[in-house]
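Have a look at the structure below before the remarks.
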Amino acid sequence: MLIEEIQAALEEEHLDGWLFFDHHQRDPLAYRILKLSPAAVTTRRWYYFIPADGEPKGLVHAIESGVLAGLPGEIRKYSGWPAQLDGLRHLLAGSRKIAMQYSPNCSIPYVSLVDGGTIELVRGVGVEIATSADLVQLFEARWSAEQLDMHLEAGRRVDRIRAEAFQKIASDLGAGQTITEWDVNRFVRAGFAASGLVTDHGPIVAVNANMSNPHYEPESAGSREIRKGDAVLIDMWAKLDQPHAVFYDITWTGYCGASPPTALQNIFDVVRDARDSAVRRVQTAIPRGELLHGFDVDDAARAYIKDRGFGDYFVHRTGHSIGEEVHGTGANMDNLETHDERRIIARTCFSVEPGVYLPEFGIRSEVNVYVGATEALVTGEVQQKLVTI
């Protein structure tokens, strides 16, 4: 944990401090940012306050007094309810406005981890509570150089398996063999395992109308057969099986035939160009040092799709933060589900994945964008035309 860096960020945000709180390990961000190993049993509330100036302080229950062991600063103990309240007043003495894992109106659910009752309790001490969303991004979502290298290597492996998956469909169809969404799902997962990649679930392998369910995943029972003349979507995400590895997350679409129908080709073109409009928005802004927010990127993709008459069929945000979890804790490219006002900052990565979902089929095209100090780059292969299977 870098106390001086956190305090510098608090000064910049005009905050008097950052209060961490946990009960029953409900806030994984607190443990990761504080570099704190979760105790086997955490059944009592603990608090840890990093002021903008001065030494940090902690408050722990007497029967779990070692929960903050190793963190700098004075650690007080409490047991009864009055002592907890007195200890909280001691932690926050002299503070007027502090950050917590809180998001007004739960606009950023990834950060909104402190329960309402605790928010009331802390406010009752006489402080104003601000969201820690920007601080979390700064100290949780930024990648190291080693993480970027691991992402790029994961991308090379995932891109190879993706190409092999489409080739598997082509080979089985050409041989007159039956192949289902589930078969391709298992093929991809076996490829991940053989390539030193891990994932939490997935991949999405969807045919025709199933493509229009953005979170569809096939199952062994009831999986749809893939036939000639079908459209196919594969959304796959994985990371190296190494400590602190970060995800690579892509979506490609194809058609089982030599010449895609006009309607399918038209929607693919719209989605591809919307994706590229969003990427251009980022790649134009970053070299100029322009202040860019998550909602700005969403606006670029959404405006393109809306202008072509398909706005009602683009039903999710344009992209999400990517980190050690596939849905990370940095800025999302979102002005639909939320109005994400977080700045896009250097050393973070996110997906750009607009989609149009019609009743008969859906198209999504997903790339990953990594933002450096002076440039932004797409980190893997980019689909420019439908895969002909």
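The values are calculated or read from the model by the stated rules, or taken from the named source; none is laboratory data. Here the structure is a predicted model, which is why all the values come from computation and not from measurement. Note: ideal-geometry Cβ built from the backbone for every residue, glycine included; neighbour counts use all protein chains shown. Side chains included, ligands, DNA and RNA excluded: accessible areas come from the protein's heavy atoms. Shrake-Rupley method; radii C 1.70, N 1.55, O 1.52, S 1.80 Å.
A few points about this structure:
- Of all residues in segment 153-210, those satisfying the criterion of being in a loop (DSSP other than H, G, I, E, B) and either under 20 Å from the mean Cα position of the chain (by Cα) or on the phi < 0 side of the Ramachandran plot (or both) are ALA175, GLN177, THR178, ILE179, SER195, THR199, ASP200, HIS201, GLY202, PRO203.
- Condition met for VAL67 (assigned to a strand (DSSP E or B), under 35 Å from the mean Cα position of the chain (by Cα), buried (at least 17 other Cβ atoms within 10 Å of the Cβ) and not small (Gly, Ala, Ser)): no
- Inspection of segment 9-23 identifies no residue that is closer than 19 Å to ILE63 by Cα, assigned to a loop (DSSP other than H, G, I, E, B) and open to solvent by 60 Å² or more (accessible area, probe 1.4 Å).
- Residues within segment 310-337 that are touching a Pro at 6+ places or on another chain (Cβ under 8 Å), open to solvent by 20 Å² or more (accessible area, probe 1.4 Å) and closer than 13 Å to PHE295 by Cα, tallied: 1
- All conditions in (1) closer than 26 Å to SER144 by Cβ; (2) part of a loop (DSSP other than H, G, I, E, B) hold for GLY309, with the sole exception of (1).
Conditions (1) part of a strand (DSSP E or B); (2) surrounded by fewer than 21 Cβ atoms within 10 Å (Cβ to Cβ); (3) in contact with a Gly (Cβ under 6 Å, 6 or more places away or on another chain), marked per residue:
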| residue | (1), (2), (3) |
| --- | --- |
| GLN25 | no, yes, no |
| LYS35 | no, yes, no |
| LEU59 | yes, no, yes |
| ILE63 | no, yes, no |
| ARG76 | yes, yes, yes |
| ALA99 | yes, no, no |
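- Applying the criterion of being of a type outside the set (Gly, Ala, Ser) and assigned to a strand (DSSP E or B) to the residues of segment 125-149, the residue that is nearest to VAL246 (Cα to Cα) is THR131.
- Every residue from segment 349-379 that is open to solvent by less than 10 Å² (accessible area, probe 1.4 Å) and either of a type in the set (Asp, Glu) or under 13 Å from the mean Cα position of the chain (by Cα) (or both): CYS349, PHE350, SER351, VAL352, GLU366, ASN368, VAL369
- For segment 78-89, residues that are open to solvent by less than 40 Å² (accessible area, probe 1.4 Å), farther than 15 Å from PRO51 by Cβ and not aromatic (Phe, Trp, Tyr) total 3.
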